[in-house]
Number of protein chains: 2
Amino acid sequence: MDVALAAGVSRQTVSNVINNPHRVAPQTLALVAREIERLGFKPNRAAQSLRRRKADALGFQVNAVGERRLGNILDAFLVELTVSARRHDFHIVTFAVDSHEDPIAEYEHLLAVQMVDGFVLTSTRHADPRPGWLLANGVPFVSFGRVWDDPSFTSWVDVDGFSGVGAGVRHLFAQGYDRVGFLGWPEGSPVGDDRRAGWLAAAGESAAFDAGLQASSPQDVHAAAAAAAPLLESLRGGGALICASDTLALGAWTALRDLGIAVGSDVGLVGFDDTDVAESFAITSLRQPLADIADSMLDLIAHHGRHGSPAPGGQVLQPIVVQRASSTRKSRKR
Amino acid sequence: MDVALAAGVSRQTVSNVINNPHRVAPQTLALVAREIERLGFKPNRAAQSLRRRKADALGFQVNAVGERRLGNILDAFLVELTVSARRHDFHIVTFAVDSHEDPIAEYEHLLAVQMVDGFVLTSTRHADPRPGWLLANGVPFVSFGRVWDDPSFTSWVDVDGFSGVGAGVRHLFAQGYDRVGFLGWPEGSPVGDDRRAGWLAAAGESAAFDAGLQASSPQDVHAAAAAAAPLLESLRGGGALICASDTLALGAWTALRDLGIAVGSDVGLVGFDDTDVAESFAITSLRQPLADIADSMLDLIAHHGRHGSPAPGGQVLQPIVVQRASSTRKSRKR
DNA sequence: CGAACCGATTTGATCGTTCATATTCCAATA
DNA sequence: TATTGGAATATGAACGATCAAATCGGTTCG
């Protein structure tokens, strides 16, 4: 080792300077640290990885090809995750899984060749085989989004859809809209149902509550526009619509335009996720705190790595209202 | 080594079975291969990496946080790259660079610790320091998009914007639109200027060519709508507009709606990149062959890896017209 | 019949680090 | 003075693969 030679100490001492500074005499520490700095020494990851039997990397399954990206936060999430990972001394390795293939195989492979130590899961489906398999094999992982199937899985971080929509509804009332309708996904998706329940609870508190002011549509702009249109007709003149996603909100936005209803000043509109779609169309939305989410997730996984067992308890983070023109009642004239 | 024991051969023979099968006697080969299969043996990447001094991984710099993703193909590209990488025995490692930080430092770091062997560049800017540095240091890399600054950099794969727009223009004429205008970015961006030139060349061939039928706008839906509006007025009744990006096209789309002009049947519209935006709004667009691009890029980088020097010659791939409602003149009544 | 050759396989060293276990040195204690 | 203890540092082995060179059998040939 070059540094060892230059500093006149053994390789182990250099190793200790980096990994166990407290074991090294202050004077030696300073000397070696200076040489490390001077020579720009960086420990070789392959060698570390081989000896320590860990990769310092996490796998991240990217959306299958052809998957919808519009109004999807996962791409933005990957960026935040990458940024966070650096602080946690992890690297992120992407991988894809053929849809007609055993989804577990690639996870198994990456672990077997010691390419990654664990995984960051997203888009956990109903009856998803991954959490169970990972848990059974003692593989560290965290999921972005609750693993609704099984409450005993606790390695997750999620956003509070219920409270989030509630906050959105209260925001709309505070802006002076008198009724708030809801456009969600068809019943049956845990996330969607949670958000709908948030609307029911918050809007239900108002005097003018009408449980009929809701509609549902799949996650598609065109379909959402069609589903929203009749609802928007009845919200004309001071009502507002809150949606389970920005994509749905965008659908509603185009419907409003087609109906000749002024977005914001006549009918309020709020989306969910605060994707680029919301920003581009000036639609108020509920921002998922992606940076905090990524950070929490890596904390949880690092905990697992250190203690050998999953960290207890999932974490629910609060989204925040990002106000834009679509929920601004009136630009004040002066 | 377990397999060696089970097959009754030395570890080196097992290694040869995997890496140099021709050196092994057919009978031994079969025997060892069977044991490898049976025991599910996968060579440890850390050990390989240490010995061979290569990481079998490429770095991919993700968009800075806060970067526009709407109408951006890079997220989709990363997916294709990940898929392709697997075929080329590479892994993709994402990393981010703080905007106020030396952009080279992270590249240097990843190489120094032997986390990656090379890089896949995207979004090469004018006067980008990266290609020069990488070249000077003999680091394998490919760029998605020409490195316009310096024609001596040949490690790139790009899409032919000139021809692509030309194909779009011809498509529009074939559909029966009589004039084709252009909405592009402000002059000065090589990509944008290339696409504009493609319009000039193709539209210039038509009898009714009017060089005044163009406008420009930054890459933003709202701004694009404002810039497109006057142009669209003069294209009413059988004209068409081709745009330098889907984002611009989406702006034009909203402008058409606001002007009460029927998209497609009255005025044609074509975007570029074929992102989700185009699909969601039924806008005809020029599809970048991302899978082919990723494949070509990895071929180039693998070439560098094998031969120690950059592969000669950049590659230009052709985008193809994906027709949707926005450029369909009339749904045939029956 | 021995030398030379050849393909198939094995052996020893090595990549760069960390772990486990020495060793060294010096001060405090019996 | 000899003993013990502990902090600081050094040494040998190991992680799991590949490389380079050695060995082993068996042919071929002079």
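The values are calculated or read from the model by the stated rules, or taken from the named source; none is laboratory data. Quantities reported herein were computed from a predicted structural model and do not represent experimental measurements. Virtual Cβ from ideal backbone geometry, glycine too; neighbours counted across all protein chains shown. The area values use the complete protein model at the heavy-atom level, side chains included, leaving out ligands, DNA and RNA. Shrake-Rupley method; radii C 1.70, N 1.55, O 1.52, S 1.80 Å.
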Query raised in the report: Among the residues of the stretch A:159-189, which ones are out of contact with any Pro (no Cβ under 9 Å at 6 or more places or on another chain) and either free of Cβ contacts under 8 Å to residues at least 60 places away in the same chain or in the same structural domain as residue A:141 (by TED's automatic domain parsing) (or both)?
Result: A:162, A:166, A:170, A:173, A:174, A:187, A:188, A:189
Query raised in the report: residue A:257 passes all but one of (1) open to solvent by less than 40 Å² (accessible area, probe 1.4 Å); (2) within 14 Å of chain B (Cβ to nearest Cβ); which number fails?
Result: (1)
Report task. Give the number of residues within the stretch A:293-316 that are part of a helix (DSSP H, G or I) and touching a residue at least 60 places away in the same chain (Cβ under 8 Å). Result -> 12
Requested in this report: Filter the stretch B:43-59 down to residues that are within 7 Å of DNA strand D (Cβ to nearest atom) and assigned to a loop (DSSP other than H, G, I, E, B) and give me whichever is farthest from the other protein chains (Cβ to nearest Cβ).
Outcome: B:43
Query raised in the report: Under the condition of being hydroxyl-bearing (Ser, Thr, Tyr) and open to solvent by less than 30 Å² (accessible area, probe 1.4 Å), which residue from the stretch B:265-295 is farthest from residue B:246 (Cα to Cα)?
Result: B:280
Report task. Filter the stretch B:99-142 for residues that are farther than 20 Å from residue B:156 by Cα and within 12 Å of chain A (Cβ to nearest Cβ) and give the result. Result -> B:99, B:101, B:105, B:106, B:108, B:109, B:110, B:111, B:112, B:113, B:114, B:115
Requested in this report: Evaluate the following for residue A:147: is it in contact with a Gly (Cβ under 8 Å, 6 or more places away or on another chain) and among the hydrophobic types (A, V, I, L, M, F, W, C)?
Outcome: no
Report task. Check the stretch B:35-42 and report whether any residue there is near DNA strand C (Cβ under 10 Å from one of its atoms), part of a helix (DSSP H, G or I) and either without any contact (Cβ under 8 Å) to a residue 24 or more places away in the chain or on the phi > 0 side of the Ramachandran plot (or both). Result -> no
Query raised in the report: Any residue at all in the stretch B:51-74 that is without any contact (Cβ under 8 Å) to a residue 12 or more places away in the chain, within 15 Å of DNA strand C (Cβ to nearest atom) and surrounded by 22 or more Cβ atoms within 10 Å (Cβ to Cβ)?
Result: no
Query raised in the report: Across the stretch B:16-28, what is the total count of residues that are part of a helix (DSSP H, G or I) and within 8 Å of DNA strand C (Cβ to nearest atom)?
Result: 6
**Report entry** Residue tally, condition open to solvent by less than 20 Å² (accessible area, probe 1.4 Å) and hydroxyl-bearing (Ser, Thr, Tyr), over the stretch A:106-131
**Finding:** 2
